[in-house]
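Just below is one structure, and these are the notes that go with it.
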Amino acid sequence: MSADETAQPSPTFELIVDELRTEADEVVVLALVDESGGELPPWAAGAHIDLHLPIGLIRQYSLCGDPGDRHRYEVAVLRDPESRGGSAWIHDELAKGARISVSFPRNNFELVDAEEYLFVAGGIGVTPFLPMIAAARADHRPYTLVYAGRTRSGMAFVEALADDGAVRLHVSDEGTRADLGALLDGVSEGAAIYGCGPTRLLDALTGLCADRGLSRRLHVEHFSGTVVELDPDREHPFEVELAKTGMVLTVPADRTVLEALLDHGVKTTSSCAEGVCGSCETVVLEGEIDHRDQILDDDERAENEVMMICCSRARSARVVLDL
């Protein structure tokens, strides 16, 4: 999973590229280790890390290795034809032995406790499901992985999944497209549903789950969000008070909260600037939020306790943030 955007840095530490291997057409796997052999910060299935590239870009990728291996992080990187430079640089320039700054793992796609799991992956969206499958096995929970791709040669980890009877491969150029509707019609009452992949796949999955009353059991992770483009004729300005300093600033109709903070010299953690990574999540003390991210579910939005300041705005004239 990748979200391409230059942004403000989050806390990082330096790792070494221990391995760089081709996993499928236009997909490479990076193995990252501590130079001194030390343990890395822990993580759980569904987590991702930011790679702070030396060309001034930050990219987010799902961890796809073994959470029990505290000495190694693994991420899979697809060369994105629409990349703004990040994935192309990794494929063309990054080499074994190189040093790279990495964020602490974050998890906006946690594996909930459920009787069983239905995982739906499109393309490189399979990456977070590898540790999820391992976790389901360890807990003796049944699961099904529906893995769709355009070509078999372009589908990462196909060989590793080949002997898993719970994996269903659907390859477009082989005429085996997935029927998500039929799949959901047979899902059990105790199953949690997870989806990761292209927007079109996730939109279809979300719509089908809504039609069947399954929305509360659905968890999705997007590759990337939508670059924030604000129409001043449709937005309204509002005030933001920073509770820790008492500073009050106005967020114009054509600027995000994050941009307004940076304009006033207020540094805060962010990464994707598209509402998909969660690094800019900020506690809301007062005010009503117009949530536009792709992380919070309906209940979390209704609670109005946090907002993603890179994309969400205020419905009220003033909000107070825990900054």
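Every number here is computed from the coordinates shown, using simple stated rules; none is lab data. Only a predicted model underlies this, so the values are computations on that prediction, with no experimental measurement involved. All Cβ positions, even for glycine, are placed from backbone atoms using ideal geometry, and neighbour counts span all protein chains on display.
A few remarks follow.
- FRET efficiency, A98 to S153 (Cβ-Cβ, R0 30 Å, nearest 0.05): 0.65
- Correct choice for semi-axes √(5λ) of the Cα gyration tensor in Å that was computed from the model, options (1) 33, 25, 18; (2) 37, 27, 17; (3) 36, 22, 17: (1)
- Mean Cα-pair separation over length for the range 12-103, i.e. relative contact order, pairs under 8 Å, 6 or more apart, %: 38 percent
- For the range 82-133, the list of GluC sites (Glu not before Pro) that fall in a loop by DSSP and count at most 12 other C-beta atoms within 10 angstrom reads E82, E93, E110, E115.
- Between I55 and A253, full extension at 0.36 nm per residue minus the direct alpha carbon distance yields a gain of 68.1 nm.
- Every helix of 4 or more DSSP H residues in the chain counts as -39500 (n - 2.57), and over all residues that averages to -4500 deg cm²/dmol at 222 nm.
- With a Förster radius of 25 Å applied to the C-beta separation of V283 and T245, the computed FRET efficiency comes to 0.95.
- Listed residues G123, G195, G181, most fluctuating in the chain (Gaussian network, C-alpha, under 10 Å): G181
- Alpha-carbon centroid distance for the pair the range 48-94 / the range 244-264, whole angstrom: 31 Å
- Ordered by the count of other Cβ atoms within 10 Å of each Cβ, fewest first, W89, W43 give W89, W43.
- Gained length - R137 relative to S316, 0.36 nm times residue gap less alpha-carbon distance: 59.8 nm
- Cα-derived Rg over Rh, computed across the range 238-321 with Rh taken as Kirkwood radius: 0.92
- Listed residues G38, G278, G122, most fluctuating in the chain (Gaussian network, C-alpha, under 10 Å): G38
- Dipole of the chain, positive end: most advanced residue of W43, L180, Y147 [Cβ charges, Cα centre]: Y147
- Using the average count of surrounding beta-carbon atoms within 10 Å as a protection proxy, the listed peptides 238-246, 160-168, 55-63 rank, highest first, as 55-63, 238-246, 160-168.
- Separation between Cα centres of the range 12-42 and the range 130-182, rounded to whole Å: 24 Å
- For the chain, the longest principal axis of the C-alpha atoms and the axis of helix 129-138 are separated by about 70°.
- Segments 124-135, 257-268 sorted - mean Cβ within 10 Å per residue, highest first: 124-135, 257-268
- Relative contact order, whole percent, for the chain stands at 17, derived from Cα pairs under 8 Å and 6 or more residues apart.
- With contacts taken as Cα pairs under 8 Å at a separation of at least 6 residues, the range 116-222 carries a relative contact order of 31 percent.
- The long axis of helix 199-211 is offset from the longest Cα principal axis of the chain by roughly 90 degrees.
- Near-label residues of the range 113-136 by backbone N, under 20 Å of a point 7 Å along Cα→Cβ of R200: 120-127
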